[in-house]
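Chemist: Once you've had a glance at the structure underneath, I'll fire off some questions.
The values are calculated or read from the model by the stated rules, or taken from the named source; none is laboratory data. The structure displayed is predicted, hence computed values, not measured ones. FYI the Cβ positions are ideal-geometry reconstructions off the backbone, even for glycines, and counts take in every protein chain you see.
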């Protein structure tokens, strides 16, 4: 048996580390390659099913039969369940219209190569895991452009399935790039489109948990307390620089609400948060901060021009557009939402935050009242007996052994209407017996309490 050798040579140890890194990279490349080829198989399978019109030709049991036959021929293969076969057809049918529209793009551009465009589309589609595709197919089955947007975002940002689901549930596609801006006028063409893409409208601030009355400081503190989620909402490439960032201008100090640096744009981003409605002075203040950052922070040759983003609770699009036209600095204006962005179909079917708070408050009050009643009853039970004001009728019932009529599950429908009418007449005529005080035992007191509760 050979003896183990422990080599401590520095070059040898470094070589071992490099070999480990190469192996891990090979594993990743192999996994990516396997995923790519598997997705290519699903694409071609979906193409075959659609071309052959197999589901119409072989009937409703076609998918189950094909899955069974494939797994019988390939017992060691994964991903051939009936569900996967059905998704394969949906996968192809969702994106194939994009592939069929590519020749039109070639006709519009002389420098465009059709095979290259097709290959680029397939490269994007085959770059994310099959499990991610299934989520996207379910949520974007009627919109290929929307689905491709989420595929790109997943590829570029490395989203996990849970992160993808989160963005699919917050109308991320509909909100992306929707801020009102003047970037086309104030930024070079190479940067304006990219700058527009990093904006949203509205921004989803539901993760802050801010409810009821709040001020700007409370909102900004909540944003920074959830900085990871805040950066995800802002988008790819944002790096946090500071809060209430101090700028020394001559003898005065100015403070930026939130300052970020965007790595994709290579520029500072000034973010101002307003809890009220947007107005002209807000744009002027933001433009001033942008100019100040260009003079004090921006380094020529490294940083692109600073951009500003104002996120307010509410805005008039007309006023916002006028303000943007009047500014020479690149700024954008968006709104924010504190409540979760629900789909329109769900909106109105769930209680509002205010309604929920009112319900909770009612429950708390009722709980306090119940506790007080229990405490009072415990005090009374300590004596065993107590004196109550009681009528002769109540005394008769309490003394009786029949307690069924006092059970809370009985309803008013169980009481004879004639008896109720007669009782009403007696009470109106003044024939009801006068109350008197009587000492009741614990058992009698409980019977009396149940009876009165039922009558009320």
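Chemist: Out of curiosity, is residue 54 surrounded by fewer than 14 Cβ atoms within 10 Å (Cβ to Cβ), assigned by TED's automatic domain parsing to the domain that holds residue 136 and either within 15 Å of residue 126 (Cα to Cα) or in contact with a helix residue (DSSP H, G or I) (Cβ under 7 Å, 6 or more places away or on another chain) (or both)?
Modeler: Working: surrounded by fewer than 14 Cβ atoms within 10 Å (Cβ to Cβ): no; assigned by TED's automatic domain parsing to the domain that holds residue 136: yes; either within 15 Å of residue 126 (Cα to Cα) or in contact with a helix residue (DSSP H, G or I) (Cβ under 7 Å, 6 or more places away or on another chain) (or both): yes.
Considered against the rule, which asks whether it is surrounded by fewer than 14 Cβ atoms within 10 Å (Cβ to Cβ), assigned by TED's automatic domain parsing to the domain that holds residue 136 and either within 15 Å of residue 126 (Cα to Cα) or in contact with a helix residue (DSSP H, G or I) (Cβ under 7 Å, 6 or more places away or on another chain) (or both), residue 54 comes out as no.
Chemist: Scan region 263-283 for residues that are out of contact with any helix residue (DSSP H, G or I) (no Cβ under 7 Å at 6 or more places or on another chain), at pLDDT below 95 and not in a strand (DSSP E or B) and jot them down.
Modeler: 263, 266
Chemist: Right, next: Looking for something assigned by TED's automatic domain parsing to the domain that holds residue 125 and either in contact (Cβ under 8 Å) with a residue 24 or more places away in the chain or closer than 25 Å to residue 158 by Cα (or both) - is there at least one such residue anywhere in region 57-70?
Modeler: Residues of region 57-70 assigned by TED's automatic domain parsing to the domain that holds residue 125: 57-70.
Now narrow it down to the ones that are either in contact (Cβ under 8 Å) with a residue 24 or more places away in the chain or closer than 25 Å to residue 158 by Cα (or both): none.
No: zero hits.
Chemist: Being in the same structural domain as residue 312 (by TED's automatic domain parsing), surrounded by fewer than 16 Cβ atoms within 10 Å (Cβ to Cβ), modelled with pLDDT of 90 or more and within 25 Å of residue 276 (Cβ to Cβ) narrows it down to one of 246, 211, so name that one.
Modeler: Working: 211 fails: modelled with pLDDT of 90 or more.
After ruling out the rest, the residue left standing is 246.
Chemist: Just the residues that are under 29 Å from the mean Cα position of the chain (by Cα) and either closer than 14 Å to residue 64 by Cα or not assigned by TED's automatic domain parsing to the domain that holds residue 134 (or both), please, taken from region 82-97.
Modeler: Here is the first cut: in region 82-97, the residues under 29 Å from the mean Cα position of the chain (by Cα) are 83-84, 86-88, 90-95.
Matches in region 82-97: 83, 84, 86, 87, 88.
Chemist: Further question on the same structure: Taking the residues in region 78-100 that are farther than 17 Å from residue 138 by Cα and in contact with a helix residue (DSSP H, G or I) (Cβ under 7 Å, 6 or more places away or on another chain) as candidates, determine which candidate is surrounded by the most Cβ atoms within 10 Å (Cβ to Cβ). Reasoning before the result, please.
Modeler: To start, the set of residues in region 78-100 that are farther than 17 Å from residue 138 by Cα comprises 78-81, 97-100.
Imposing the further condition that a residue be in contact with a helix residue (DSSP H, G or I) (Cβ under 7 Å, 6 or more places away or on another chain) reduces the set to 79-81, 97-99.
Numbers: 79: 14, 80: 20, 81: 15, 97: 10, 98: 17, 99: 16.
Of everything passing the filter in region 78-100, 80 is surrounded by the most Cβ atoms within 10 Å (Cβ to Cβ).
Chemist: Then there's this: Could you check region 116-150 and list, in sequence order, the residues that are part of a helix (DSSP H, G or I) and closer than 19 Å to residue 83 by Cα?
Modeler: Pass one, region 116-150, residues part of a helix (DSSP H, G or I): 116-125, 130-139, 144-150.
Within region 116-150, 130, 131, 132, 133, 134, 135, 136, 137, 138, 139 meet the criteria.
Chemist: Modelled with pLDDT of 85 or more, assigned to a helix (DSSP H, G or I) and either farther than 25 Å from residue 93 by Cβ or in the same structural domain as residue 79 (by TED's automatic domain parsing) (or both): does that describe residue 37?
Modeler: Numbers: modelled with pLDDT of 85 or more: yes; assigned to a helix (DSSP H, G or I): yes; either farther than 25 Å from residue 93 by Cβ or in the same structural domain as residue 79 (by TED's automatic domain parsing) (or both): yes.
So residue 37 passes the test.
Chemist: Right, something else. Can you pull out every residue in region 185-209 that is farther than 19 Å from residue 327 by Cβ and touching a strand residue (DSSP E or B) at 6+ places or on another chain (Cβ under 8 Å)?
Modeler: Passing the criteria: 197, 200, 202, 203, 204, 205, 206.
Chemist: Given the structure, is residue 156 part of a helix (DSSP H, G or I), closer than 15 Å to residue 337 by Cβ and modelled with pLDDT under 95?
Modeler: Details: part of a helix (DSSP H, G or I): yes; closer than 15 Å to residue 337 by Cβ: no; modelled with pLDDT under 95: yes.
Answer is no for this residue.
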